[in-house]
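The structure under discussion appears below in the form of structure tokens.
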Amino acid sequence: MKVSSPRRFCCGALVALALVTSLLTSAPTVFASAPGPSTPVPTNPNARSVTGGYVPYSAKWLAAKNAYLLRTGFTPYTRKGDLSRVPFVLCCPTCGNCNPPPPAAYELSTANVQGVWEPSNGENPNFGPGTANYDDSYTHYKDGNFFFLCGPGAANNALFYWPDPMNFMTSTKIKDPSVGSITTWTSERMRGYITNVAWHIQWPGWSHPGMMDDHYQSYGATLYGLQDGMNWEASGENPSDWSNYFYTIVWWNQSNENTFHQDVVNDISVNFVPVVAEVEALDLPNWKWTSNNIKPQQEKHFITIIGYDDTVGIYYYTDTCAASTTCNFSGSGKDGTILQASQSQMWQAITDVPVNQSTDPSAGDGGWVW
């Protein structure tokens, strides 16, 4: 939960990333001109963190992304650590086969992400109903911020499909700086990587380690933190090219349901990577309302969309907030697994989160990262 808080042309060969930059600057008929120097604008809808504040994305890179021209070069069989993958490419919109009709349904491989869920707060079962509440070093702990790891959890399930991030970290000792708790996690349920993303990684310009806000109780992660943290990790923590790597924020009030669907289809069926969306959890079928069917207070939450089926109008997604850990006091009704919601239901869940583009730790809400 989040507290209320180079390029390949269709008729040519693959080229390296250095050539990508050169082609971007020589294609004015396709891409907008790059912006001049700008003052930090914290509420800019296309902002990312850099030293000293927030500045706009490269307009050319963002135009390529929004035109569905960017390609990861992955195949459905790309594996973790497979760094021989082809570099990012742009398809050529004048070559006739840049964006062919997508498949009516596509789902990424789910074998490794369906069993991922966050640890408990240290007072509830960590390994399924009736199990112990210690960490992976058999140490007891108590930290309420573990109930707000949905952002790092959703990021983990998205980044699993990238070759570079080592989601199966064998052992990670992590300190939550806001409360001082130190816990150790292994590769089981990818909890070592989830906590690493939450409280350890730090990209250039980010004010503190980890995606998570460092207050106690934490406000969780923002869309800004997810965007930048996922780009940093997907790039292999490469300081030279992380900031315009792949992921960008879309605020739902500046878009529409059809565009969201196109973003999901493009990322999943063309680039073979998921989309992370912020949702009103209680709009989703795996979340429970109160017994008198009165909807409780808002539950801002992050999930990972890993598939779609337009023949029946559904999305497939993962949710790392688990029932057995009593995540957010048993709001979730599932332990991991692959879930599905109607496409209209998912859009409703997204648009029920008020848009707040402030960079305050309790804000940065209302959209998706694709």
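Between Q348 and K142, full extension at 0.36 nm per residue minus the direct alpha carbon distance yields a gain of 70.7 nm. Compute the Cα gyration tensor for the stretch 88-235, then decide on rounded, prolate or oblate, letting a ≥ b ≥ c be the square roots of its eigenvalues: rounded whenever a/c is under 1.5, prolate when a/b is larger than b/c in the other cases, and oblate in all that remain. Verdict is prolate for the stretch 88-235. By the rule of a C-alpha distance below 12 Å, with chain neighbours fewer than 8 residues away ignored, the aspartates and glutamates paired with K80 are D164. Reported to the nearest whole Å, the Cα centre-to-centre distance from the stretch 197-224 to the stretch 96-169 is 17.
Compared with the alpha-carbon gap, the fully stretched path from D360 to C98 is longer by 90.4 nm at 0.36 nm per residue.
Evaluated on the stretch 201-333, the Kirkwood hydrodynamic radius is 16.8 Å, with distances taken between all distinct Cα atoms. About its Cα centre, the stretch 90-212 has a charge dipole of approximately 120 debye under the convention of +1 per Lys or Arg Cβ and -1 per Asp or Glu Cβ, with nothing else charged.
Close Lys pairs in the stretch 102-369, defined as Cα atoms under 26 Å apart and 8 or more places apart or on different chains, number 10.
For E257 and A111, what is the calculated FRET efficiency with R₀ set at 41 Å and r taken between the beta-carbons, to the nearest 0.05? List each step's numbers first, then the result.
Details: r = 30 Å, r/R0 = 0.74.
With R0 = 41 Å, the Cβ-Cβ based efficiency is 0.85.
Each value in this text was obtained by applying a stated rule to the coordinates, not by laboratory testing. Since the model is a prediction, treat every value here as computed from it, not as a measurement. Ideal geometry is used to build each Cβ from the backbone, glycine not excepted, and the neighbour counts take in all protein chains shown.
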